[in-house]
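Below is one structure, written out as structure tokens; the observations come after it.
A short reminder: the numbers here are calculations on the coordinates, not readings from a lab. Please read all numbers here as calculations on a predicted model, not as lab measurements. Cβ placement follows ideal geometry from the backbone for every residue including glycine, while neighbour counts extend to all protein chains displayed.
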């Protein structure tokens, strides 16, 4: 299928279509309690119009962030997005994080609650990282996550990532306060991103 950008066995990452069915999936997933707990918890629940406004430009390539659907056994189960960190310099400066030039970022959630902690997230992060190294020349793949999300940290560690640096205050908010976050990074195979 031409929409699939990466696949491994029963796992596939495909394009989000600029279509109500895909937007409806994202709305349902983003409003699931296990996703809202960690993904913009202070924001209002996502609406269909909000999903179209946020993701429409990304599905058309008008935004540096590339949104994708995760499929397991041909069934949509989650969301992943990736972007060049070089496009996020003001944000990185605000939170005090530095990354090697050419690094890519990602954000992910498994939307189906019954499939959390089944290894799908770890496999997806590994698959998209390998794809970014091979096809986009990424020097590293890094993500920022809330420090208290131990389940996600364990999943990213299984995907080959490591914690880098000290915790910092992100711009994401929880109960009106900036959240303590950590940077996790997967280095390009053959050496670490910082030259070690």
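Let me have the 222 nm mean residue ellipticity of the chain computed from DSSP H runs of 4+ only, each contributing -39500 (n - 2.57), with the sum over all residues rounded to the nearest 500.
-9000 deg cm²/dmol
Rounded, prolate or oblate: which fits region 131-174, taking a ≥ b ≥ c as square roots of the Cα gyration tensor eigenvalues, rounded meaning a/c under 1.5, else prolate when a/b beats b/c?
Here region 131-174 falls in the prolate category.
Could I have the simple spin-label model distance between residue 168 and residue 60, label points 7 Å from Cα toward Cβ, reported in nm to one decimal?
Label-label distance for residue 168 and residue 60, simple model: 3.3 nm.
Work out the FRET efficiency for residue 3 and residue 43 from their Cβ-Cβ distance, taking R0 = 35 Å, and round it to the nearest 0.05.
The calculated FRET efficiency here is 0.75.
Taking Cα pairs under 8 Å and at least six residues apart, what relative contact order does region 1-156 come out at, in percent?
22
Tell me, what are the semi-axes, in whole angstrom and largest first, of the equivalent ellipsoid of the chain as set by the roots of 5 times the Cα gyration tensor eigenvalues?
The three semi-axes for the chain are 24, 21, 17 Å.
Only Cα pairs within less than 10 Å get springs; with that Gaussian network setup on the chain, which residue of 18, 175, 42 has the largest fluctuation?
175
What is the order of 72, 19, fewest Cβ neighbours within 10 Å to most?
Going from sparsest to densest Cβ surroundings: 19, 72.
Fully extended, how many nm does the chain gain between residue 75 and residue 175 (0.36 nm per residue separation, minus their Cα-Cα distance)?
Stretched out fully, the residue 75 to residue 175 stretch lengthens by 32.6 nm.
Over region 93-143, what is the mean sequence separation of C-alpha contacts under 8 Å (at least six apart), divided by residue count, expressed as relative contact order in percent?
Relative contact order comes out at 56 percent.
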